[in-house]
Amino acid sequence: MKIPPVDLSSCCRSLLLLLAACQAPSVQAAPLRPITAPLRALPANPGYFTDGSGKAVYLTGSHTWNTLQDWGTDGAVQPTDFTAFVNMLVAHNHNFTLLWATELPKFHGLPTRAGPSPDFTVTPQPWQRVGPANATDGKPQFDLTKFNQEYFDRLRKRTAELNAAGIYAGIYLFTGEWLNLFRCPTDGYPFTGGNNVNGIDDGGGIASVTMTAPNAITAVQDAYARKLVDTLNDLPNVLWIVSEEAPGNTRWWNDHLIALLRSYESGKPLHHPIGYGVRIDLDDPSIVNSDADWIAPFARIAPIGNSGSGKPRVKVCINDSDHSYWEMWSDSPRTNRRFFWTNFTYGNQSMFMDPYTVYYPRENRNLSPSPKNGISPQPDMRWENVRATMGYIRGYAEAMNLAAMTPRVDLSETSYVIANMNPANAEILAYSPSAGSFDVNLEGCNARFAVEWMDPSSGAKTQAADVVGGSRRTFTPPFDGDSVLYLKAH
């Protein structure tokens, strides 16, 4: 009997990633529950989504660049072990990731070296490459009327795999950032003349996203957006996001695609939330005032409320370290944790732009081991502190009645408090970024509280003696460093 060959390299990658997860700080992962209903704004507390259960769904997790398309330097792409990535998310109690769409078949300048950066090749792309001539990247020209079904099949398969694991998927239509920063004469960009057989020509640069009215390029982009909806509409874990760090003068383009998604899905069985990542001009008010359902702003700590003039008025805010916390690799683990805990107590959700297996030695951003063509077999363990932190926060978000809780900066000198002060079911979570004692004002609630401490550096929890409300209380953590205090009435 002929024994089928075994992909040992894939098995080794999965084993290495599993071992890496086992070495992480202990995170209590939630049981796997496939997602059965799409998210929508929680009426009682629209800063959060709900799945229709009445509970607030808190979104958090790692995302990285190459979990949909394969990347590699020197023309040699290195496939991502996507199942291992999903297992990493589950092991860290994450429930949200983004699937990036990098629009350049070849890009130049991602600063992954101290010196000149290598060119990366990216595959697959959404359109078929049919020739007869070659594009500037040396491969056949695109036909923008013919979709590459491999791309959409892969997108559907990976989104469904995330759904089965209980993980929501933010689906990028485009990045925008790649056009801003990484174009080169040999990038093969589908919308540049000579790279397609359809006579479509953006003239180079960023003109394919800076238009102010429909044109031949938007017709192709609109057809692509509809194809994405047709591919994924029946999957309940989908959230759309048009772009991130796109050029500043792309407001019309972003608004156009938000409106298109909204209109096209209105005639479909499921309606998914639509997101808007901040543009390169860092203009947070414009995305707050847009018609997106959720936003990824620039502000390090997004303000409480995120209310604007668009529809819906209140946005779900998911602070992405990709935009909000540039150069976080230069900070200490405690300062890294502070970004996530502070946003949580401000009523925001957060994500980590996880370099994961993309080797990125410039400024020591990601020293993943044994890279081949720019991609490593396992992630840099240095970021386990951040991956674990998001899981700890989600653990509290799941345990608490988050729908009834609001930011209460007035309740403690730490300023980082989220609380429900109804005496019948009061809950308070306070984060202190500094070591030592701090006060919590319990004057407005006479309940008896169970007291729990959590060490954010390890996830270790310690129970303390009950306290009775009705006055200002001083609490002293049983360990050094930053701390989380959780009070629950009983």
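Below is a table of values for the structure above.
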{"quantity": "In the stretch 273-318, the residues that are crowded, with 18+ Cβ neighbours inside 10 Å, assigned to a strand (DSSP E or B) and in contact with a Lys or Arg (Cβ under 8 Å, 6 or more places away or on another chain)", "calculated": "274, 294, 295"}
{"quantity": "Lone qualifier among 364, 343, 319 - being of a type outside the set (Asp, Glu) and at positive phi", "calculated": "364"}
{"quantity": "Only one of 473, 394, 387 that is over 30 Å from residue 88 (Cβ atoms), surrounded by 14 or more Cβ atoms within 10 Å (Cβ to Cβ) and either in contact with a Ser or Thr (Cβ under 7 Å, 6 or more places away or on another chain) or modelled with pLDDT of 95 or more (or both)", "calculated": "473"}
{"quantity": "Selection count, the stretch 252-272, where residues are within 19 Å of residue 169 (Cα to Cα) and either outside any helix (DSSP H, G or I) or outside the structural domain of residue 350 (by TED's automatic domain parsing) (or both)", "calculated": "5"}
{"quantity": "Residue check for residue 334: assigned to a helix (DSSP H, G or I) and surrounded by fewer than 16 Cβ atoms within 10 Å (Cβ to Cβ)", "calculated": "yes"}
{"quantity": "Any hit, the stretch 234-251, residues being assigned to a helix (DSSP H, G or I) and more than 24 Å from residue 129 (Cα to Cα)", "calculated": "yes"}
{"quantity": "Per-region count, the stretch 120-177, residues modelled with pLDDT under 95 and surrounded by fewer than 21 Cβ atoms within 10 Å (Cβ to Cβ)", "calculated": "1"}
{"quantity": "For residue 220: the one exception among (1) within 25 Å of the chain's Cα centre (by Cα); (2) closer than 21 Å to residue 127 by Cβ", "calculated": "(1)"}
{"quantity": "Those residues of the stretch 440-470 which are among the aliphatic types (A, V, I, L, M), in contact with a Pro (Cβ under 8 Å, 6 or more places away or on another chain) and at pLDDT 95 or above, in sequence order", "calculated": "464"}
{"quantity": "Flag for residue 162 being part of a helix (DSSP H, G or I) and under 29 Å from residue 391 (Cβ atoms)", "calculated": "yes"}
{"quantity": "Cβ pairs under 6 Å, 6+ apart, first in the stretch 50-79 and not assigned by TED's automatic domain parsing to the domain that holds residue 355, second β-branched (Val, Ile, Thr)", "calculated": "none"}
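Condition check ((1) surrounded by fewer than 21 Cβ atoms within 10 Å (Cβ to Cβ); (2) aliphatic (A, V, I, L, M); (3) at pLDDT 95 or above; (4) not assigned by TED's automatic domain parsing to the domain that holds residue 82) across all residues:
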site: 323; (1), (2), (3), (4): no, no, no, no
site: 326; (1), (2), (3), (4): yes, no, no, no
site: 347; (1), (2), (3), (4): no, no, yes, no
site: 363; (1), (2), (3), (4): yes, no, no, no
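The values are calculated or read from the model by the stated rules, or taken from the named source; none is laboratory data. Here the structure is a predicted model, which is why all the values come from computation and not from measurement. Here Cβ is always computed from backbone atoms with ideal geometry, including for glycine, and neighbour counts include all displayed protein chains.
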